[in-house]
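Taking it in order: structure first as C-alpha cells, then the write-up.
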Amino acid sequence: QVQLVESGGGLVQAGGSLRLSCAASGRTFSSYAMGWFRQAPGKEREFVASVSWSGGSTYYADSVKGRFTISRDNAKNTVYLQMNSLKPEDTAVYYCAADRRSTVVVGTPDYWGQGTQVTVSS
C-alpha cells in the first residue's frame with residue numbers, strides 16, 4: 001500500500017511557475033508508475049502527466065506539453081511536477097497518483113494523494 005502527500009500548490013499569476021511535490025511511503029513505491037491528475041471546478045478529473053518506475057519514460061497531456069515536467073527521485077520517495085508558463089486554465093486541484101499494475105504509464109490509479117490547490121490569476 002502507498003500513501004501520497006502533495007505539497008507546493010498556491011496562487012500565482014499567469015506566466016509564473018510552481019513546483020509540486022508528492023511524498024510517497026510504501027513498500028513498493030519504486031515499482032509503480034506515478035502520475036499527476038487535476039480537477040477544475042465543474043469538470044472531470046483529467047490526466048496531466050505520468051512517469052515510469054525508472055524515471056526514464058514520461059507522458060504528458062497535450063494541454064501541458066512543453067510547459068510541465070514530471071520527474072521522480074526514488075531515493076527520496078518523491079515525485080515532482082514542475083509547472084512553467086502557467087495559464088488560468090491550469091487552475092485546478094492537482095492530485096498525485098500511483099498505479100500498482102503498471103511500471104510505465106498510469107492507467108487507472110490505485111492510490112491518490114489528498115490534492116493541492118493551484119490557482120493561476122490573469
Failed condition for Val105, given (1) in a loop (DSSP other than H, G, I, E, B); (2) closer than 18 Å to Gln1 by Cα, with all others met?
(2)
Would you mind finding the one in Ser52, Ser21 that is open to solvent by less than 50 Å² (accessible area, probe 1.4 Å) and modelled with pLDDT of 95 or more?
Ser21
Would you confirm whether any residue within region 4-20 is part of a loop (DSSP other than H, G, I, E, B), among the hydroxyl-bearing types (Ser, Thr, Tyr) and more than 15 Å from the chain's Cα centre (by Cα)?
no
Which of the numbered conditions does Val93 fail, given that it passes all the others? Conditions: (1) part of a strand (DSSP E or B); (2) open to solvent by less than 10 Å² (accessible area, probe 1.4 Å); (3) of a type in the set (Val, Ile, Thr).
(2)
So Gln114 clears everything in (1) within 13 Å of Cys22 (Cα to Cα); (2) touching a Gly at 6+ places or on another chain (Cβ under 9 Å); (3) part of a loop (DSSP other than H, G, I, E, B) except one condition, right? Which one?
(2)
Could you please find all residues in region 68-82 being farther than 17 Å from Arg45 by Cβ and either touching a residue at least 60 places away in the same chain (Cβ under 8 Å) or open to solvent by 10 Å² or more (accessible area, probe 1.4 Å) (or both)?
Thr69, Ser71, Arg72, Asp73, Asn74, Ala75, Lys76, Asn77, Thr78, Tyr80, Gln82
Tabulated pairs, region 99-110, first under 14 Å from Ala49 (Cα atoms), second among the β-branched types (Val, Ile, Thr) and open to solvent by less than 60 Å² (accessible area, probe 1.4 Å), C-beta under 7 angstrom, 6+ apart or interchain:
Asp99/Val106
Can you tell which of Gln39, Gln13 is more than 20 Å from Ser102 (Cα to Cα) and either among the charged types (D, E, K, R) or surrounded by 13 or more Cβ atoms within 10 Å (Cβ to Cβ) (or both)?
Gln39
Hey, among Phe68, Phe29, which residue is among the aromatic types (Phe, Trp, Tyr) and at pLDDT 95 or above?
Phe68
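The values are calculated or read from the model by the stated rules, or taken from the named source; none is laboratory data. Computed from a predicted model, the values in this text were never measured in an experiment. Positions of Cβ are generated from backbone atoms using ideal geometry, with glycine treated the same way; all protein chains shown enter the neighbour counts. Each accessible area value is taken on the protein alone, full model and side chains, heavy atoms only, with ligands, DNA and RNA left out. Shrake-Rupley method; radii C 1.70, N 1.55, O 1.52, S 1.80 Å.
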